[in-house]
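All remarks here apply to the structure that follows.
The values are calculated or read from the model by the stated rules, or taken from the named source; none is laboratory data. None of the values given here were measured: they were computed from a predicted structure. Positions of Cβ are backbone-derived with ideal geometry, glycine not excepted, and every protein chain shown enters the neighbour counts.
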């Protein structure tokens, strides 16, 4: 409960720093009997891995996961699953010039304010590298959701800076480094990123995540609603500045007669709700949007202060993602899966025995 | 941990239904020594109370709070504060026609899917009436934050449907039923609402909430970040479909050189971060935006199904807010205060003793 | 999570003080569909009620419970159950002489040390009166366990001071004010208590609580074992100084060949384990023993200090139980039921789908 | 919250199995600024380590701890501390003969009932080996308590089977493998254990743990009392069947005039309370006793069943502690330290600012 655990029944406790010996997590609450191998997890980690295209950080990390516990003879035992990923390509001296200064827009100032202790190496605990254990845990959640309930969680990038990316087909998503659902726009995205990299600057992005197959009835009012827990998980992802469900901010200008999704015996006629009504899943697809800010570690020189409060100019070298949104899709999918499995287990605990319904 | 408790150290456990005998909450974790009277709480409840203008529900509830425990001789004792509000103006028979049908966009379908039991009276547990105990608890949080840290939490409506409301002055906010920070626009809002009410329809709104005076250092990475907990609390509020911090969804199209707030010895030069960096407060104002959907209980007839799955036309009579956003401002303020006090207490537990900092 | 909530999935949040306006609790996590009336709860409250014999406190409290929420048309809805009990016979002035002094063995010194605020009226929050809401919540747990799993939770007094009480029959337990399972010993207990009362002194007791019908498989290693959670709940009961399971302290002198309960196709041959192995229920009866200390509020004069640290002699008048153990049986039953339902729900969340076992 | 995390503000999440690749834990909530090295932890692990005398299991494990995170330049950063211990001397084939049978008194039957999956190697998750991560975390807690509050946590064995061990001096405790506080009795204990080992049997023990220097005011009523949390932690330790505080089960036969510890300006005159009143520390030493059952893995043949329910005779070979109580002292100390630091942090969060007290 000190901030590094996600979930109440399917609990992921995350540890590690960007340039420490290792990162990892403990997954507590995974039901027994799920077939699970390191490969099941590695597949998802590889989707998030750095160094896979010229548009992301060039840090080379294999992100090889080791299952330390909780699996016996290829099957989960119901006990905690310890997952370990060694850091192998840390170059801490890249950060020697920023040990005493703060990057505009970066967590380093806030961490130092809170802890009075600073680990400047690669952002320490605030690094996006810490999303790897989340993805590893999410791989388990995804597999369980798929096998137990036929739930499929997928995501894509819908906007890069000013460029809106049309949704053409899910088939395009895995075939480009942006998770863009439209192959035709990829060259434009590449050109844009190349120019940005030359400028030493960074850019924001928008990600959509969708869970299909979620049955009606998952979620807990009053405070820990399904959408509230989704918002918590997503806003807890590095660089996220906004989260919306269904029609999101467009709901503001909608009338009730337009927003409320009509129901017929064949199902809902629209999905402004984004699959959540009153904090509980409605049986429609759960649809989530994320606004991701541009990376704060950029080469462009900016005004800041040092630890003594003196004015300085700061420029961040090192290896950084010019658009942290590019690798965000698999992470956001993982977070949605983690929230869903948690609510699936809560639903089981309370409502599984309701056999007869009017 | 079954969804009805908000907070980890300052915990609000909410109970009640719209048309049951009473609603209320237990506030556990309030530090001892805070001067507190029912009047301190009543002031905030009165800001949220129904029936105070023609633009909100005409249900007449005094929302009189009784302090049942936790206060002795006018001062909090450190033990749980029980707060009780009796329901006095419930007219359950207004709902007899919707007992067997589901309102498009309403939680009734999802609740029934989850619990297999249905309390149709005024939305039962899913009613916005349950925000009253949240506001009561928030009043305590606000007072403590103000007295202990000089934190001030305020909010206003920035958009009603298509109408954007300019920020003119905080002084205007308490002087109109919309919490609009611009007196000049109020007649336009009134005309708009009158027309909407005649149509039997409803509309969305946008609310801004701001906390000034928050010191740097509140918040907990990795998952329970300050902004993540704010997103959780806000998305858990009835009808909210989107939450953003600082530049929010505008961050998508920003470059890093524009988004990252530069720092000088005199302070930050902008606040795209919305007061939160890496999940920890930066010392700037914490700024939050909410997208609120239109009420689902409307007179306009809509397609739906009954419990047997047959097609029906649904029309909701009863007494409803045509724009639930109108009364949302004090509730959103309360939620922000509740998240802040929780993180203030966590910060005290872990970091208060860090005496010497470089 | 500030100490006043018991349980993780079936959560009881308790509020109130001995001489405040009311006491009560919120029960969050009760599954929907359980038939529940105030009478179901009142029956258990009446077993714990003060003033029912000359051997307990003469305070007259009807302990009438009101269900504020969570029940609709006689059935639980799955939403929080608010329970309220008004205090009616508080005589706070009885305590005027102890406002500034501390009773040896009483919580008043510790509360004052912690909170710096003191509510001397009837022990304030530390009063055994606060076990009433626990019993009310326990009544719900008991009913659910009985109906869903056929679990029966019962208790009795096995020792009063030096007097060991033989177990003759469960039938004797409800027929005497001591919950003694042997009618023949009751006159001796009455004589003993009468003499004690004349002396203005108090005495300890030992209580046994037993749950029959608990299926094998409830409990969670590593830390939140079923027996660990039972120990937590029981040691959290006022005046309890020791808790044991099965053979308890007698295990110290047992050999493994004696202690380990042998198993045959017909079942276990003994129950030294007390129904719990490795923190998980074994399918045998869960057996728990409690050591209850003598009440600290006694007429006998004792040495103490006042708030300024000066030596004083303290004598407690007011109305007190000379043996708090006498009314402890229904409370201990409630606590055991509350722990069991919590683990039943956890088991449901994780293990209900394990259909095929070798 | 799935059972493998201890503490609310200082949280230890434990993972691993006896014969898996590794065991370990994540310590979340350790305040920043504590000087910490692997050596600080190793010292405590070495006290618990197997194979150090002929009276304990002969399994040879170095129990070498690696700090994976949370410490930078020798100081805790306030972020999670990942601790890893590789298993090096697992001989899983020793257990091939018990894969399909259940040992009387052992957790294997209960685990199988719960999870439907069985890891028979060395007891899997139910092994006492999993106390090593607890001890590692406890070392951090002990150091912090000592440095911040001058609290000293120590323990000793007070009884082995029928042999009561007198308390002569703390100085004797580290000088014998039993943690006995009386050097003179050690030969008798050795002879006793040698005979027991020849018999292939096991025996129980009693352990005392004491925390000196705990200030008055730590602990949280109503349910999460300091003593309740101690009972939870201790009963959660493998093989513990009873826990008591202060006078414990002797309180049953005490009169209030004897039990209640009188107070003088110089302090308390006795400590029947064991340092806890009303669930809050009184400023006296916190004293705890544990009853530890005999190990269930013994060579003596016993009746049991196999997974098909058929009768079998079971005999456990492998390497086991004939008295699990012998190595329990450092573990029990760790658990007490972990509960104390958790309450110290809670106290800081709520009561640190109470400056003026009457």
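Looking at residue A:258, is it more than 7 Å from chain B (Cβ to nearest Cβ), out of contact with any helix residue (DSSP H, G or I) (no Cβ under 6 Å at 6 or more places or on another chain) and assigned to a strand (DSSP E or B)?
When the stated conditions are applied, residue A:258 does not pass them.
Could you tell me which numbered condition residue C:82 fails, if it satisfies all but one of (1) within 14 Å of chain D (Cβ to nearest Cβ); (2) surrounded by 21 or more Cβ atoms within 10 Å (Cβ to Cβ); (3) touching a residue at least 24 places away in the same chain (Cβ under 8 Å)?
(1)
Evaluate the following for residue D:274: is it closer than 30 Å to residue B:345 by Cβ, part of a loop (DSSP other than H, G, I, E, B) and facing another protein chain (nearest Cβ under 9 Å)?
yes
So residue B:296 clears everything in (1) modelled with pLDDT under 95; (2) more than 9 Å from chain A (Cβ to nearest Cβ) except one condition, right? Which one?
(2)
For segment B:29-52, give me each residue that is away from chain A (no Cβ under 14 Å) and within 26 Å of residue C:114 (Cβ to Cβ).
Result: B:30, B:31, B:32, B:33, B:34, B:35, B:36, B:37, B:38, B:40, B:41.
Regarding residue C:305, is this residue under 23 Å from residue C:228 (Cα atoms), in contact (Cβ under 8 Å) with a residue 24 or more places away in the chain and in contact with a strand residue (DSSP E or B) (Cβ under 8 Å, 6 or more places away or on another chain)?
no
Can you pull out every residue in segment A:30-55 that is buried (at least 22 other Cβ atoms within 10 Å of the Cβ) and under 20 Å from the mean Cα position of the chain (by Cα)?
A:30, A:41, A:44, A:45, A:48
Is at least one residue of segment D:7-21 more than 14 Å from chain C (Cβ to nearest Cβ), surrounded by fewer than 18 Cβ atoms within 10 Å (Cβ to Cβ), in contact (Cβ under 8 Å) with a residue 40 or more places away in the chain and in contact with a strand residue (DSSP E or B) (Cβ under 8 Å, 6 or more places away or on another chain)?
Scanning segment D:7-21, I find at least one residue that is more than 14 Å from chain C (Cβ to nearest Cβ), surrounded by fewer than 18 Cβ atoms within 10 Å (Cβ to Cβ), in contact (Cβ under 8 Å) with a residue 40 or more places away in the chain and in contact with a strand residue (DSSP E or B) (Cβ under 8 Å, 6 or more places away or on another chain), so the answer is yes.
Confirm whether residue C:60 is out of contact with any strand residue (DSSP E or B) (no Cβ under 9 Å at 6 or more places or on another chain) and over 18 Å from residue B:20 (Cβ atoms).
Criteria met by residue C:60.
Taking the options D:187, D:215, name whichever one is within 11 Å of another protein chain (Cβ to nearest Cβ) and surrounded by fewer than 24 Cβ atoms within 10 Å (Cβ to Cβ).
D:215
Check residue D:291 against each of (1) within 9 Å of chain C (Cβ to nearest Cβ); (2) under 30 Å from residue B:348 (Cβ atoms); (3) at pLDDT 95 or above and name the one condition it does not meet.
That leaves (2) as the condition not met.
Just to be sure before I move on: is residue A:109 out of contact with any helix residue (DSSP H, G or I) (no Cβ under 8 Å at 6 or more places or on another chain), buried (at least 24 other Cβ atoms within 10 Å of the Cβ) and under 29 Å from residue D:72 (Cβ atoms) in the structure I sent?
Yes, satisfied.
Restricting attention to segment A:293-300, does a residue exist that is touching a residue at least 24 places away in the same chain (Cβ under 8 Å), in a strand (DSSP E or B) and touching a strand residue (DSSP E or B) at 6+ places or on another chain (Cβ under 9 Å)?
no
Let me confirm something: among C:110, C:139, C:132, which residue is facing chain D (nearest Cβ under 7 Å), at pLDDT 90 or above and on the phi < 0 side of the Ramachandran plot?
Unique residue meeting the criteria: C:110.
Yes or no, residue by residue, for (1) part of a strand (DSSP E or B); (2) surrounded by fewer than 24 Cβ atoms within 10 Å (Cβ to Cβ); (3) more than 9 Å from chain D (Cβ to nearest Cβ):
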site	(1), (2), (3)
C:249	no, yes, no
C:252	no, no, no
C:283	no, yes, no
C:305	yes, yes, no
C:319	no, yes, yes
C:332	no, no, yes
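Is it the case that segment A:231-242 has a residue that's more than 23 Å from residue A:324 (Cα to Cα), modelled with pLDDT of 95 or more and not in a loop (DSSP other than H, G, I, E, B)?
no
Does residue D:316 satisfy being out of contact with any helix residue (DSSP H, G or I) (no Cβ under 6 Å at 6 or more places or on another chain), in contact (Cβ under 8 Å) with a residue 12 or more places away in the chain and under 30 Å from residue D:56 (Cα atoms)?
Yes; evaluated as a whole, the condition is true for this residue.
For residue A:198, only one of the following conditions fails: (1) modelled with pLDDT of 95 or more; (2) over 19 Å from the mean Cα position of the chain (by Cα). What is its number?
For residue A:198, the failing item is (1).
Return yes or no: is residue A:110 over 20 Å from the mean Cα position of the chain (by Cα) and under 30 Å from residue B:6 (Cα atoms)?
For residue A:110, the condition - over 20 Å from the mean Cα position of the chain (by Cα) and under 30 Å from residue B:6 (Cα atoms) - is met.
Could you please find all residues in segment A:196-205 being within 7 Å of chain B (Cβ to nearest Cβ) and surrounded by fewer than 24 Cβ atoms within 10 Å (Cβ to Cβ)?
Result: A:201, single match.
Within segment B:261-271, restricting attention to residues that are in a loop (DSSP other than H, G, I, E, B) and surrounded by fewer than 24 Cβ atoms within 10 Å (Cβ to Cβ), which residue is nearest to the chain's Cα centre (by Cα)?
Checking each candidate, the answer is B:271.
Across segment A:158-177, which residue is nearest to residue A:293 (Cα to Cα) among those that are within 14 Å of chain B (Cβ to nearest Cβ) and part of a loop (DSSP other than H, G, I, E, B)?
Going through the qualifying residues, I end up with A:161.
Please go through segment D:200-223 and pick out each residue that is in a loop (DSSP other than H, G, I, E, B) and out of contact with any helix residue (DSSP H, G or I) (no Cβ under 8 Å at 6 or more places or on another chain).
The answer is D:200, and nothing else.
When the residues of segment B:115-150 are narrowed to those that are in a loop (DSSP other than H, G, I, E, B) and more than 18 Å from the chain's Cα centre (by Cα), which ends up surrounded by the most Cβ atoms within 10 Å (Cβ to Cβ)?
Top of the filtered list is B:119.
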